[in-house]
1. Efficiency by 1/(1 + (r/R0)^6): what FRET value for D136 and T176, r their Cβ-Cβ distance, R0 = 25 Å, to the nearest 0.05?
2. Please report the spacing between the Cα centers of the range 95-113 and the range 124-147 in Å, no decimals.
3. Of all GluC sites (Glu not before Pro) in the range 64-134, which ones are in loop regions per DSSP and have a Cβ with at most 10 other Cβ atoms within 10 Å?
4. For L76 and R185 in one chain, what is 0.36 nm times their gap in residues minus the Cα-Cα distance, to one decimal in nm?
5. Spin-label point model (7 Å from Cα, Cβ direction): what's the E58 to V90 distance in nm?
6. Please check which bits of the range 130-166 a label hung off A116 would reach, taking the label as a point 7 Å along Cα-to-C-beta and the cut-off as backbone N under 12 Å.
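Derivation of every value follows stated rules applied to the coordinates shown; laboratory data play no part. What you are looking at is a predicted structure, and each value in this text was computed from that prediction instead of being measured. Cβ placement follows ideal geometry from the backbone for every residue including glycine, while neighbour counts extend to all protein chains displayed.
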Amino acid sequence: MAVSSSGIVAGLTAAALATVGYLAHQASQALPPGLGRTQTGVAPVVGVSKAPPRARKEPAALPGGSGKGARVVYSLRGDRVWLVGEDETVTRTFEVHPSTVDPAPGSYSVTSRSNAVTGSDGVPVEHVVRFTSVDDVVIGFSAAVDDSTAAPAPKVRTGGIRESREDGEAMWTFATIGRKVVVVR
């Protein structure tokens, strides 16, 4: 009895589907727990944080890979600063309010300081510690004289990373000209 070409194609298709089904079943059995299949008695995770593991566990912990020796560490994602002594001891950590222009991650040095000036947003500031510039926008830490921490207007290009007056005074004392500033994500 002669077999038609459509019969051969149908037979090959059935064999291919059976093989793919078998391989898919085998692959699903080899998956690590929680990947691709529902685990019995485990609730799904909702609202998983995008923060790195260090930030979820201890947001004030000094980020790894932030250098060695006395330095200022600024986290772009965490909006936090650490003042780190020569012996790797964190002498102070505090939250800051970012500017509209961020510096690139990397290592910098304090280039200039001003005790009191008017910020690029028109707010009188004190304890200004500058460490870089981005497209003609000077980047540095400062504290508003009125201790305000309002977010800068989104369309205004500012480089002032705002801190409280108390934290600004600590930064001013610690971050002298030439002090290393490490910016991390």
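1. For D136 and T176, the calculated efficiency is 0.50.
2. Between the Cα centre of the range 95-113 and that of the range 124-147, the gap is 9 Å.
3. E86
4. 38.7 nm
5. 0.7 nm
6. Once the point is set 7 Å along Cα→Cβ of A116, 145-146 turn out to lie under 12 Å by backbone N, inside the range 130-166.
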